[in-house]
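Take a look at the structure below.
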Amino acid sequence: MLTSLLFLLPLLLSCQTTMETENIPAICANMSPCGADCYTTCDNQCHCDVTSNREIPFPMYGGECQSTGFCESEFLHLEDCIEEGGPSCPTMLGTNEAVERFSTFDVRIDVRTQEEWDEGHANMSIHTPGLANNPAVDYMDKIGGLEDKRILVYCRSGGRAFAASQHLLKWGFKDIHSFYHGGFPNLNQAIREHSEDSTDHPTRAYCYVTGPSDICPTPLPISDISSVDDITKLGRNIVLVDVRSKASGRLSNAEILLTDKERRVKKFVKKLNKDRDVIVTFCNGGMGAFNGAKRIMEHWDGAIYFVDNGGIKDLKKLSGIEEI
């Protein structure tokens, strides 16, 4: 035992020296065990980890890494996570769940190849080809800062999405959902069929896939709005439209649309057409803003967005929102 400890001592000192002399990235403050800098500071991802107080524990296999389950991730299979789950597993989603929740995710990540992406992809998605085979750090130019976001990962058949999800979990991403009932072709078809069979066609998920069109307003997830600049950059002469039917605490500069009667909506739009180029609808959550935007765009030729997965309470937190 003593011999083993003496053998590990140089590795411990190496890790300590590296972490003390280098600037630790912010992600390491809340990273998952066995991820992030362990790839670069030690010879095995389960030999060291950065704890919440940024200290290096003794680099022995097991300990915190083993108790949280991340040391088993090299041996997990997709079926293990579907049937049993576990701390190394992303949340596994079947087709029905993915269709119903597609628009509620902060981020959708497509890990297919460039050729597969070119054959068809969701408009509101991030393309990270190769993430199934490479550490997440290689994609920080696209996904950096999203560690706390709710993320859906998919590929063509489910296997690469699962592998990519584990890479994200190891690097400190917390809320990862992996689609395993096939891949984007299946999901795309299911979303379109669900929408076309609905009396409310198009659905929000449909518009997230297709992007803006003559029947789809453009989604503006609240997770994409960090400052009022994220709204003003949408275009010139923007108007905020509050479509809540009953509410208090309105924005002083927002127009109010309280009815879904076509005659009144048409009159409302006619008034806006005089000096407005972009409409942004909002409510308390997202569905009302989406439905309001669909009603308005029947009489509106300009750009139209709807604030999704958030609403008035989130907008009020933005400095300068009432000066738009």
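The values are calculated or read from the model by the stated rules, or taken from the named source; none is laboratory data. Note that the structure is predicted; figures quoted are calculated from it, not measured. Quick reminder, even Gly has a Cβ in these numbers, built from the backbone with ideal geometry, and neighbours come from all protein chains shown. Accessible surface areas use protein heavy atoms only, side chains included; no ligands, DNA or RNA. Shrake-Rupley method; radii C 1.70, N 1.55, O 1.52, S 1.80 Å.
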Any idea of the accessible area per residue across the range 97-181, 1.4 Å probe, to the nearest Å²?
38
Virtual spin-label span in nm between ASP148 and ARG263, 7 Å along Cα→Cβ
5.0
Determine the shape class of the range 206-250: with a ≥ b ≥ c the square roots of the Cα gyration tensor eigenvalues, call it rounded for a/c under 1.5, and otherwise prolate if a/b is greater than b/c, oblate otherwise.
oblate
Need the full-extension length gain, THR113 to SER227, defined as separation in residues times 0.36 nm minus the C-alpha distance. One decimal, nm.
37.7 nm
To the nearest whole percent, what portion of all C-alpha pairs in the range 113-248 is separated by more than 18 angstrom?
64
Per residue, in Å², the accessible surface of the range 235-284 once ligands and nucleic acids are set aside, probe 1.4 Å:
62
Integer Hz, Karplus 6.51/-1.76/1.60 couplings in order for the range 308-324, x for Gly and Pro
10, 6, x, x, 4, 5, 6, 5, 5, 7, 7, 5, x, 5, 8, 10, 5
Which cross-chain or sequence-distant (5 or more) residues have an amide H under 5 Å from the amide H of VAL153, H modelled 1.01 Å from N in plane?
ILE109, HIS177, SER178, PHE179
Please calculate the 1.4 Å probe accessible area of CYS89, with all protein chains present, and give it to the nearest 10 Å².
20
Of all DSSP beta bridges having both residues in the range 86-223, the percent classed as antiparallel (nearest 5) is 0
